[in-house]
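Notes to accompany the following structure.
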Amino acid sequence: MSGKEMKPESSRVPFAGGREAIARDAVVVTGAGSGIGRAIAIRLAAKGWRVVATDVDVHAAEATARALPVTARPHEAAQLDVTDPASAERVARDVSVRLGLGAWVSNAGVSFMERFVDIPMSNYEKTMDVNLKGVFVCGQAAARAMIAAGRGGRIVNTASMAGKQGRVPFLADYVASKFAVVGLTQSMAVELGAYGILVNSVCPGYVTTPMQDRELSWEARLRGTGTDAVRSLMVEDTPLGRLQTPEDVANVVGFLLSEEASFITGEALAVNGGAYMD
């Protein structure tokens, strides 16, 4: 790796604009059709954000938008394939021009479960495509729109406690993708800070979502046991003694998009009930 290049200290001017406008802008949430993404959309709407719920399944995104509280500024839904740069650019540009893009939450993700030696390349490629490339593509699109607007903004990426430890059985490809998201978040934060764009990630644990329901069945098969036994292992692994809800994650995202978090960037914030501590 080449030596670290730093701007001369005299040229590093702190960003001073746009803070007061953030809460009046719109926020794009990817993977908002269900699970954590849906909970994030609901929480941000309750905090006064105008939400643009997006999902590869536009009907699921529309259902989330309809479930949000009715306000003077109606929420919206849009179809978005996070792996498609053109799709991400279209959404980011449209929201920025029409509504003001104050924040972007890259939450869309996938998982499969298999022993490392049995993971098919198709699963690996799909996992990396959505979980890593999707965050990269959407981060670029959001940052470009925010830079062009010149008002700063926030980006939050959904990582995982699996992005901080490899002690996660049957999810080697998922672990790799989420470690990469944590690193990408830090790199984005370094480069985008000069534009007043704060970039952070959240690292959930065992969250009760449709994705976890699938994982319970897969892990039970791989362990040769039942789903109740696997669920009990998750609870026992969590010091707070319960599985996590999507709302637990959504509350932290709401904090990261608030003024109280205006000097936090580059962080991978654990929200997992103590299942992993660093």
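The values are calculated or read from the model by the stated rules, or taken from the named source; none is laboratory data. Keep in mind the model is a prediction, meaning the values are calculated, not measured. Because the Cβ atoms are built from the backbone with ideal geometry, glycine has one as well, and the counts that use them run over all protein chains shown. The accessibility values were calculated without ligands, DNA or RNA, using every heavy atom of the protein model including side chains. Shrake-Rupley method; radii C 1.70, N 1.55, O 1.52, S 1.80 Å.
Among the residues of segment 100-140, what is the count of those that are aliphatic (A, V, I, L, M) and either open to solvent by 30 Å² or more (accessible area, probe 1.4 Å) or in contact with a His (Cβ under 7 Å, 6 or more places away or on another chain) (or both)? So that I can check it myself, show each step before the final result.
In the first step, residues of segment 100-140 are kept if they are aliphatic (A, V, I, L, M); the result is 101, 103, 105, 108, 110, 113, 117, 119, 121, 128, 130, 132, 135, 137.
Filter again for either open to solvent by 30 Å² or more (accessible area, probe 1.4 Å) or in contact with a His (Cβ under 7 Å, 6 or more places away or on another chain) (or both), leaving 110, 117, 119, 121, 128, 132.
Residues that pass the stated criteria total 6.
Taking the numbered list (1) surrounded by 17 or more Cβ atoms within 10 Å (Cβ to Cβ); (2) farther than 15 Å from Lys164 by Cβ; (3) aromatic (Phe, Trp, Tyr) in turn, Tyr276 passes all entries but (2).
For segment 242-278, the set of residues classified as without any contact (Cβ under 8 Å) to a residue 40 or more places away in the chain and in a helix (DSSP H, G or I) consists of Phe255, Glu260, listed by residue number. In summary, helices (runs of 4 or more DSSP H) completely within segment 73-149 and bearing 3 or more residues that are touching a residue at least 12 places away in the same chain (Cβ under 8 Å) and more than 19 Å from Ala159 (Cα to Cα) occur at 85-98, 134-149. Could you go through segment 74-96 and let me know if any residue there is open to solvent by 30 Å² or more (accessible area, probe 1.4 Å) and of a type in the set (Val, Ile, Thr). Within segment 74-96 (the criterion being open to solvent by 30 Å² or more (accessible area, probe 1.4 Å) and of a type in the set (Val, Ile, Thr)), the answer is no, since none of the residues qualifies.
Mind checking which residues of segment 53-63 are part of a helix (DSSP H, G or I) and open to solvent by 20 Å² or more (accessible area, probe 1.4 Å)?
Our first condition is that a residue be part of a helix (DSSP H, G or I); within segment 53-63, this holds for 58-63.
Within segment 53-63, Val58, His59, Ala60, Glu62, Ala63 qualify.
Any residue in segment 214-226 that is within 15 Å of Gly35 (Cα to Cα) and open to solvent by 40 Å² or more (accessible area, probe 1.4 Å)? Within segment 214-226, one or more residues are within 15 Å of Gly35 (Cα to Cα) and open to solvent by 40 Å² or more (accessible area, probe 1.4 Å). Scanning segment 194-213 for residues that are buried (at least 19 other Cβ atoms within 10 Å of the Cβ), closer than 15 Å to Ser160 by Cβ and aliphatic (A, V, I, L, M) yields Val202, Val207. Of the residues making up segment 155-197, those that are part of a loop (DSSP other than H, G, I, E, B), over 14 Å from the mean Cα position of the chain (by Cα) and under 19 Å from Asp278 (Cβ atoms) are Lys164, Gln165, Gly166, Arg167, Val168, Leu171.
For segment 13-52, how many residues are more than 13 Å from the chain's Cα centre (by Cα), among the small types (Gly, Ala, Ser), modelled with pLDDT of 95 or more and open to solvent by less than 20 Å² (accessible area, probe 1.4 Å)? Counting residues in segment 13-52 that are more than 13 Å from the chain's Cα centre (by Cα), among the small types (Gly, Ala, Ser), modelled with pLDDT of 95 or more and open to solvent by less than 20 Å² (accessible area, probe 1.4 Å) gives 3. Of everything in segment 227-241, what is surrounded by 13 or more Cβ atoms within 10 Å (Cβ to Cβ) and assigned to a loop (DSSP other than H, G, I, E, B)? Give them in sequence order. Scanning segment 227-241 gives Asp237, Thr238, Leu240.
Within segment 153-193, the set of residues being under 22 Å from Ser258 (Cβ atoms), small (Gly, Ala, Ser) and either free of Cβ contacts under 8 Å to residues at least 60 places away in the same chain or surrounded by fewer than 23 Cβ atoms within 10 Å (Cβ to Cβ) (or both) comprises Ala189, Gly193.
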